[in-house]
Amino acid sequence: MSKRIVVFNHKGGVSKTTSVYNIGWMLSKEHKVLVVDADPQCNLTSLILRDDFEKYYVEDQTKNQNIKDGVSSAFLGRPHPIEPVECTSPNRAPNLYLLAGHANLSEFDAALTFAQTSNNAIATLQNLPGAFSELIRLTEEKYSIDFTIIDLNPSLSAINQNLFLSSDAFIVPTNPDPFSVMAIDTLTKTLPKWMTWKRASLPMFTDSAYPMPESEPKFLGSLIQRFNIRNGQAAAPYRNNIGEIKTKIGGDFFAAMASSGMVLENHYDHEIVSEGYCLAEIPDFQGLLPKAYAAEVPVFELTDSEIGEVGSVLENMRTKRDGLLDSFDRLKNRIESLLKYV
C-alpha cells in the first residue's frame, strides 16, 4: 500500500514544489513514486512536462488527465465514478509519475468547504470530502505506487486541508526569513484544529461513495532551504533565522503536534531531534538551477557535459552538484526510515 506524504506550508516561496520534485525523483531511483500537483499555479506540472506543458491541456488525449477533471464527476454530480488518471513520466525518471495539476482547481474549494462544514446535512455533498483521496488511491493502484508526494498551494484552503488530512505523513518546508518563523506559529495552531475536525467528522462520511481515509498524518520533519553558504556554513544573515526555525519546530510546534497525535513518538533518531526535527538544510542551487532546467533534470542529476563549463568553474559546480546529491540522498534515506513507523 502506498504511503502518502504531503509537503505543506501556507507561506509561499519555501520551495515546496522543488522539494516534491527532487525528493520524488530521488525516491524513484528505487521505488515507484506518484507526485500530485494540487497547486493551481501548476509549477510541478510545468517542471515535469516542460515544453509539452501547454499542449497537455489542449490535446484530446491528455487535456482531461489532471486532478481537477479527475474529481469532476463527484463535484459536478456526473453519473459515473471517479477513474484513475493517465500519468506521464520524465524521460530520465520512468518510475516517477505525475498526476497533473489544473489552473482552475480552486473552483472546487467553495463546494468542498461547504461539504466539510455542513455536518452532512445535504446528502449530495457527502461524496466530496473523499473524492480527492479516491482519485489518488485509484491512480496509485493503476501504477503500483510505493510513495505518493503531494504538492499543495500556499494557503489554508479547504482543498489543502482535505489533502493534508488524506496523507500519512507531512513535511514542513521553510526558508530562513522572519516570515517563515511567523508561518510556523500559524501551523502550530491550525494543523491540530484540522486533525480535531477530521476525528469528529469521519463517521459522517463512512457511508459515502468515497469515504475519507482513516489515516492521521504524522510529522516527519522540516526542511530549511534557499540560503547561501560561506566558509562551509550558512552565511551570517541566515544563521539566526535557521536557529529560530529549529527552536520553533522543536519546541511549540512539535509539542502541539504531539498533543494531537501527529508525531512518530520515539522513532526520530537523536540527530534529527538535536537538529530541531530538521530533515535537511538545502542551500541555494545558484548557477546549477538554469542548467538543470535546460537539461530537464534536478540539479543533482546534471552530468558534467550538461553543466557545460570548464576549468575551475566546472570544478566548483561539480562540487556543488555532488554536495546536493549527498544531501538529497541522505534526506531520502531519512524519509524512508521514518515512514516505516507510519
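No value in this document is a laboratory result; all are computed from the given coordinates. Remember, it's a predicted structure, so these values are computed and weren't measured experimentally. Please note: Cβ atoms are built from the backbone with ideal geometry, for glycine as well, and neighbour counts cover all protein chains shown.
Of all GluC sites (Glu not before Pro) in the range 117-219, which ones are in loop regions per DSSP and have a Cβ with at most 11 other Cβ atoms within 10 Å?
Those that pass, being in a loop and sparsely packed, are Glu214.
Over the chain, with a Gaussian network built from C-alpha contacts below 10 Å, which listed residue (Pro94, Pro84, Pro283) shows the highest mean-square fluctuation?
Pro94
What is the local net charge at Pro217, summed over the other residues whose Cβ is closer than 13 Å to its Cβ (Lys, Arg +1; Asp, Glu -1)?
Here the count lands on +2.
When Leu138, Leu324 are ordered from fewest to most other Cβ atoms inside 10 Å of their Cβ, what list results?
Fewest-to-most Cβ neighbours within 10 Å comes out as Leu138, Leu324.
Positive end of the dipole of the chain, charges at C-beta (+1 Lys, Arg; -1 Asp, Glu), about the Cα centre: which of Met317, Ser215, Thr62 has its Cα farthest in that direction?
Farthest along the dipole direction, towards plus: Ser215.
Can you tell me the dipole magnitude for the chain around its Cα centre, using point charges on the Cβ only (Lys, Arg +1; Asp, Glu -1), in Debye to the nearest 20?
So the dipole magnitude of the chain works out to roughly 620 debye.
Pick out which of Ile229, Ile150, Ile171 has the largest mean-square fluctuation in a Gaussian network model of the chain, springs linking Cα atoms closer than 10 Å.
Result for the chain, Cα springs under 10 Å: Ile229 fluctuates most.
What does the charge count around Ile23 come to, taking other residues whose C-beta lies under 12 Å from its C-beta (Lys +1, Arg +1, Asp -1, Glu -1)? Can you show the working numbers first?
Working: positive: Lys16, Lys29, Arg330, Lys332, Arg334; negative: Asp151, Asp329, Glu336.
With Lys, Arg at +1 and Asp, Glu at -1, the neighbours total +2.
Where both partners of a DSSP beta bridge lie in the chain, what percent of those bridges are antiparallel, to the nearest 5?
10 percent
Please work out the Kirkwood hydrodynamic radius for the range 90-184, using every pair of different C-alpha atoms, and report it in angstroms with one decimal place.
So the Kirkwood estimate lands at 15.6 Å.
Compute log10 of I(q)/I(0) for the range 192-342 with the Debye formula, placing one identical point scatterer on every Cα and leaving out solvent, at q = 0.12, 0.13, 0.20 Å⁻¹, to two decimals.
-0.69, -0.77, -1.19
Net charge near Lys291: determine it from the other residues with C-beta under 13 Å of the C-beta of Lys291, scoring Lys and Arg +1 and Asp and Glu -1.
Summing Lys/Arg as +1 and Asp/Glu as -1 gives -2.
Would you please state which residues of the range 324-342 a label at Glu271 would reach in this model, taking the label point 7 Å out along Cα→Cβ and a backbone N cut-off of under 16 Å?
324-339
Just need the relative contact order of the range 206-342 here, percent rounded to a whole number, with Cα pairs under 8 Å and 6+ apart.
28 percent.
What per residue convex hull volume, in Å³, comes out for the chain when only alpha-carbon positions are used?
Hull volume normalised by residue count: 127 Å³.
Which order results if Cys42, Cys278 are arranged by neighbouring Cβ count within 10 Å, fewest first?
The most exposed by this proxy come first: Cys278, Cys42.
Determine the dipole magnitude for the range 176-267: charges of +1 sit on the beta-carbon of Lys and Arg, -1 on that of Asp and Glu, nothing else is charged, the reference point is the Cα centre, and the result goes in debye to the nearest 20.
In debye, rounded to 20, the range 176-267 gives about 320.
Relative contact order for the chain: what is it in percent, counting Cα pairs under 8 Å that are at least 6 residues apart?
In percent, rounded to a whole number, it is 21.
Using a simple spin-label model with points 7 Å from Cα along the Cα→Cβ vector, what separation in nm is obtained for Leu314 and Gln61?
4.0 nm
Could you work out Rg/(2.2 N^0.38 Å) for the range 47-100, with Rg from alpha carbons only?
1.25
Taking the chain as a Gaussian network, where each spring joins two C-alpha atoms under 10 Å apart, which residue of Leu163, Leu264, Leu279 fluctuates the most?
Of Leu163, Leu264, Leu279, the Gaussian network model singles out Leu264 as fluctuating most.
Check the straight Cα-Cα distances from Lys320 and name the lysines below 27 Å, setting aside those fewer than 8 residues away within the same chain.
Lys16, Lys29, Lys246, Lys291, Lys332
Which is farthest toward the positive dipole end of the chain among Val7, Met195, Ser106, measuring Cα position about the Cα centre, with Cβ charges +1 (Lys, Arg) and -1 (Asp, Glu)?
Met195
Would you give the gap between the C-alpha center of the range 254-310 and the C-alpha center of the range 141-177, rounded to a whole Å?
Computed from Cα coordinates, the inter-centre distance equals 16 Å.
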